[in-house]
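Asker: Below is a structure I'd like to ask you about.
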Amino acid sequence: MDLGLTGRWALVCAASKGLGAGCAQALVAEGVNVVITARGEEALQAQATRLRGINPKVQVVAVVGDITTEVGRASALQACPQVDILVNNAGGPPPGDFRQWGREQWLSALEANMLTPIELIKATVDGMADRGFGRIVNITSGAVKAPIDVLGLSNGARSGLTGFVAGLARQPQLASRNVTINNLLPGAFDTERLQKTLAAGAEKSGRPLAQVRDQRAAGIPARRFGTAEEFGALCAMLCSAHAGYLTGQNILLDGGSYPGTF
Ligand code: NAD
């Protein structure tokens, strides 16, 4: 199916690696010009080269910067001639015990996983509505639906974003103008972040990494981790010209891990 996205412009945040990179790759394959951001120049430029290889017809602009800062957001927005598609993403907050977290830890989680996406939505959504097309996809987490106790910062900050988006997506001045806002909730995906978590688990328990990895995968009904490619493919489908009636939804990609009916 042609997703009807050729020639659109997307801003994909935090996209040098992992799920953000998967989204950028799928969009580029559909003929979308992209601005990608990340903090580290080397990995970002390598990803930009990969994207140009996927589709030499599109423009790929790499903007180095921290998307959770005002400066980082301003330079990302400035580099994008017109944001038709916004994929909100940033690193997740660290695990821990809430008894150890102070105001600073909470503020940085809120900044990265709630306020940054809201600022970027604010900067782009009305232009999308004026032009009669807009797709916003927020990468959140399965932890919004099934909280993980050690990820309290993530549970809290991302739920705040989810609540905000639920109201905004239903504003008639957006929904009736073909602007959709949805959240993609990853379960366990085989990215650098997951590899680091598994390695930390192996070190802590003194067990071989392969064993920790297999055990974790065995707990997922799909018996495997998700891939950035399949995450990106669903993101591109949500952004497609055909998905204008799908808004305000939380879509879980977790290989069947969530045990509830709804
Ligand atoms: P990753 O660590 O593999 O990749 C993160 C990407 O974001 C990298 O390109 C990194 O350079 C970039 N980045 C991080 N912080 C940034 C910042 N402040 N400014 C600009 N770029 C930044 O992570 P991932 O696995 O792709 O996860 C993406 C998001 O999804 C994270 O918020 C993560 O917590 C969440 N998540 C991931 C999983 C999973 O299994 N991978 C599960 C649930 C939630």
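The values are calculated or read from the model by the stated rules, or taken from the named source; none is laboratory data. Just so you know, these numbers come straight off a predicted model, no measurement behind them. Neighbour counts are summed over all protein chains in view; Cβ atoms, including those assigned to glycine, are modelled from backbone coordinates with ideal geometry. Please note that ligands, DNA and RNA were not included when accessible areas were found on the heavy atoms of the full protein model with its side chains. Shrake-Rupley method; radii C 1.70, N 1.55, O 1.52, S 1.80 Å.
Asker: What dipole magnitude, in Debye to the nearest 20, does region 116-160 give about its Cα centre under +1 on Lys/Arg Cβ and -1 on Asp/Glu Cβ?
Answerer: Details: 5 positive and 4 negative charges, 25 e Å.
So the dipole magnitude of region 116-160 works out to roughly 120 debye.
Asker: A further question on this structure: For region 87-234, give the magnitude of the charge dipole about the Cα centre (Cβ charges: +1 Lys/Arg, -1 Asp/Glu; no others), in debye to the nearest 20. All intermediate terms of the calculation are to be shown ahead of the outcome.
Answerer: Numbers: 17 positive and 13 negative charges, 59 e Å.
For this selection, approximately 280 debye.
Asker: Still on this structure: Out of the total accessible area of region 160-204 (probe 1.4 Å, heavy atoms of protein only), what percent is carbon and sulfur? Don't skip to the end; give the middle numbers.
Answerer: Values: 1180 of 2170 Å².
The C+S portion of the solvent-accessible surface of region 160-204 is 55 percent.
Asker: For the chain, what relative contact order do you get, as a whole percent, if you take Cα pairs closer than 8 Å and at least 6 residues apart?
Answerer: Numbers: 504 pairs, mean separation 56.9, N = 262.
Relative contact order of the chain: 22 percent.
Asker: By how many nm would the segment from Thr49 to Ala200 lengthen if fully extended, with 0.36 nm per residue of separation less the alpha-carbon distance?
Answerer: Working: separation 151, 0.36 × 151 = 54.36 nm, distance 3.11 nm.
Going from the current span to full extension adds 51.3 nm.
Asker: What span do the alpha-carbon atoms of region 76-139 cover on each of the three principal axes, reported in whole Å from largest to smallest?
Answerer: 47, 19, 16
Asker: Oh, and also: To the nearest 10 degrees, how steeply does helix 209-218 sit against the main Cα axis of the chain, on a 0 to 90 scale?
Answerer: The answer is roughly 70 degrees.
Asker: Sticking with this structure for a sec: Quantify, in whole percent, the carbon and sulfur part of the accessible surface of region 1-139 (1.4 Å probe; protein heavy atoms only). Walk me through the numbers before you get to the answer.
Answerer: On the way: 3220 of 6310 Å².
Looking at region 1-139 in its full context, I get 51 percent from C and S.
Asker: Then there is this: From the backbone phi of region 57-74, what are the Karplus-calculated ³J(HN,Hα) couplings (6.51 cos²θ - 1.76 cosθ + 1.60, θ = phi - 60°) in whole Hz, Gly and Pro given as x?
Answerer: Residue by residue, region 57-74 yields 7, 9, 8, 10, 10, 9, 10, 7, x, 8, 5, 7, 10, 5, 5, x, 5, 4 Hz.
Asker: With axes computed from alpha carbons, what is the tilt in degrees of helix 18-29 against the longest principal axis of the chain, rounded to the nearest 10 within 0 to 90?
Answerer: Orientation of helix 18-29: about 30 degrees from the principal axis.
Asker: Right, next: Report the local net charge at Thr68: Lys and Arg +1, Asp and Glu -1, summed over other residues whose C-beta lies under 13 Å from its C-beta. Can you show the working numbers first?
Answerer: Numbers: positive: Arg39, Arg73; negative: Asp66, Glu70, Glu111, Glu119.
Combined, the nearby Lys, Arg, Asp and Glu give -2.
Asker: Nearest-5 percent of antiparallel DSSP beta bridges in the chain? Don't skip to the end; give the middle numbers.
Answerer: On the way: 0 of 27 bridges.
Bridges in the chain are about 0 percent antiparallel.
Asker: Can you work out the FRET efficiency for the pair Ala74 and Glu111, with r the C-beta to C-beta distance and R0 = 22 Å, to the nearest 0.05?
Answerer: Numbers: r = 15 Å, r/R0 = 0.69.
That gives a FRET efficiency of 0.90.
Asker: So what is the calculated 222 nm ellipticity per residue for the chain, using -39500 (n - 2.57) for each DSSP H run with n of 4 or more, over all residues, to the nearest 500 deg cm²/dmol? Don't skip to the end; give the middle numbers.
Answerer: Working: 10 runs with 118 residues, N = 262.
That comes out to -14000 deg cm²/dmol.
Asker: Lone cysteines in the chain, defined as no other cysteine's Cβ under 4.7 Å from theirs: which are they?
Answerer: Flagged as lacking a Cys partner: Cys13, Cys80, Cys239.
Asker: Mind checking which of Gly156, Val137, Pro208 is farthest towards the positive end of region 128-227's charge dipole, using Cβ charges of +1 (Lys, Arg) and -1 (Asp, Glu) about the Cα centre?
Answerer: Positive-most Cα among the choices belongs to Val137.
Asker: Just to verify a number: FRET efficiency for Ala123 and His242, C-beta to C-beta distance, R0 = 25 Å, to 0.05? Mind dumping the intermediate values first?
Answerer: Details: r = 26 Å, r/R0 = 1.04.
Working from the Cβ atoms, E equals 0.45.
Asker: Residues of region 124-152 with amide nitrogen under 18 Å from the 7 Å Cα-to-Cβ point of Gln171?
Answerer: Residues 124-138 fall inside that zone.
Asker: Counting only heavy atoms of protein chains, what accessible area per residue, in Å², does the chain have with a probe of 1.4 Å? Mind showing how you got there, number by number?
Answerer: Values: 12740 Å² over 262 residues.
Heavy-atom SASA per residue in the chain reads 49 Å².
Asker: Taking the dipole about the Cα centre of the chain, with the C-beta of Lys and Arg at +1 and of Asp and Glu at -1, give me whichever of Pro81, Met128, Ser176 is farthest to the positive side.
Answerer: Ser176
Asker: Nearest-5 percent of antiparallel DSSP beta bridges in region 5-96?
Answerer: On the way: 0 of 12 bridges.
That works out to approximately 0 percent antiparallel.
Asker: Here is a further query. Treating only the Cβ of Lys, Arg, Asp and Glu as charged (+1, +1, -1, -1), what charge dipole size does the chain show about its Cα centre? Round to the nearest 20 debye. Display every interim value, and only then the final one.
Answerer: Values: 24 positive and 21 negative charges, 62 e Å.
Here the chain has a charge dipole of around 300 debye.
Asker: Straight distance only, please: which lysines reach the Cα of Lys145 with their own Cα at less than 18 Å, same-chain residues fewer than 8 apart left out?
Answerer: The qualifying lysines are none; the list is empty.
Asker: Rg and Dmax of the chain, Cα atoms, in Å?
Answerer: For the chain, the Cα-based Rg and Dmax read 17.9, 57 Å.
Asker: Under 27 Å from the Cα of Lys57, which lysines turn up, not counting those fewer than eight places away in the same chain?
Answerer: Lys17
Asker: I would also like to ask the following. Relative contact order of region 66-172, please, whole-number percent, based on alpha carbon pairs below 8 angstrom and at least 6 residues apart.
Answerer: On the way: 101 pairs, mean separation 38.4, N = 107.
Worked out over region 66-172, it gives 36 percent.
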